[in-house]
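Data first, discussion second: the structure below is written as structure tokens.
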Amino acid sequence: MPESYALMAELSPELKKREVAERALSFVEDGMRVGLGTGTTARVFVDLLAERVGQGLRVRCVATSEATHRQGLSLRLDMTTLDELVELDLTVDGADEFDPMLRLIKGGGGALLREKIVAAASKSMIVIADVSKQVERLGRFPLPVEVNAFGFASTWRLVERAADGLGLHGDMVNRAGPDGQPFVTDGGHLLIDCHFSAIADPRSLADALAAVPGVVEHGLFLDYATAVVTNGQDGPCVIARATPQTPP
């Protein structure tokens, strides 16, 4: 085994997360308005950003979840909302999967609605993710679909039909929280985790889900990531999208 591969294999998951989070910090400039993501890797980035702020970096931040907002406040970051800033310069967030086109599945932490709102308000989005999150085709990670609690069973059936129409089959699970009760998002909605295994046409699925009454949002982030920072053979590497696109 080459030495670089051996070294990467020896790194703990936490150290790998710290490496990519540190590399993502290079995209943050003084005076920026920054969206802060949700999840284990994003949490490390917020910790490191706070260290930089303590050294004199000036940023204003908007969180993608109540948990990240509380973390930012505890670290004395300048936390605000999109009602005040409206537009952000940069969002740094994690992902549950990314493919060669830098399309993402997000929502494993249950914050996909706010994550997408913040990403859409940002000029650019840097995704920080361990190389294990890289896939040739999205779908290995269950796709979260956030739905309104009203008419839940009916919405479930319509989501199932939309997937069937695209040849997608697999278990659909009502996500439960640590207490065994249905997981409730920060927006007060429920989550359906769709185990599709492989999504051949993410765009068509995104459109089909968006057309279902009762679906609040889905975890397909197709035109948001400007670049992904992940683990390479010799340390963190940046994978940039070949043709920049404007988020919808």
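No lab work stands behind these numbers, since they all come straight from the coordinates. This is a predicted model, so every value here is computed, not measured. All Cβ positions, glycine included, derive from the backbone under ideal geometry; neighbour counts span all protein chains shown.
Results, tabulated for the structure shown:
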read-out	value
Expected-Rg normalisation [2.2 N^0.38 Å, Cα atoms] applied to the range 192-241	1.53
Met32-Asp78 pseudo-label distance in nm [points 7 Å out on the Cα-to-Cβ vector]	1.5
Per-residue Cβ neighbour rank within 10 angstrom, fewest leading, Ser124, Ser154	Ser154, Ser124
Residue exposure sequence - Ile192, Ile128, Ile117 - by fewest surrounding Cβ within 10 Å	Ile117, Ile192, Ile128
GNM flexibility winner over the chain from Ser65, Ser197, Ser122 (Cα, springs under 10 Å)	Ser197
For the chain, share of DSSP beta bridges that run antiparallel, in % to the nearest 5	55
Under the Debye formula (equal points on every Cα, no solvent term), log10 I(q)/I(0) of the chain at q = 0.08 Å⁻¹	-0.31
Square roots of 5 times each gyration tensor eigenvalue, C-alpha, the range 143-218, largest first, Å	21, 13, 10
Dipole magnitude of the range 143-218 about its Cα centre (Cβ charges: Lys, Arg +1; Asp, Glu -1), debye to nearest 20	140
Cβ-based exposure ranking for His169, His69, in which fewest neighbours within 10 Å come first	His169, His69
Farthest toward positive dipole pole in the chain [+1 Lys/Arg, -1 Asp/Glu at C-beta], among Thr185, Val62, Ile199	Val62
Cross-link partners of Lys16 among lysines (Cα-Cα below 22 Å; sequence separation of 8 or more within a chain)	Lys106, Lys133
Cα-centred dipole magnitude for the chain, charges only on beta-carbon of K, R (+1) and D, E (-1), debye, nearest 20	180
Most mobile listed residue (Gly110, Gly31, Gly139) in the chain, GNM with C-alpha springs under 10 Å	Gly31
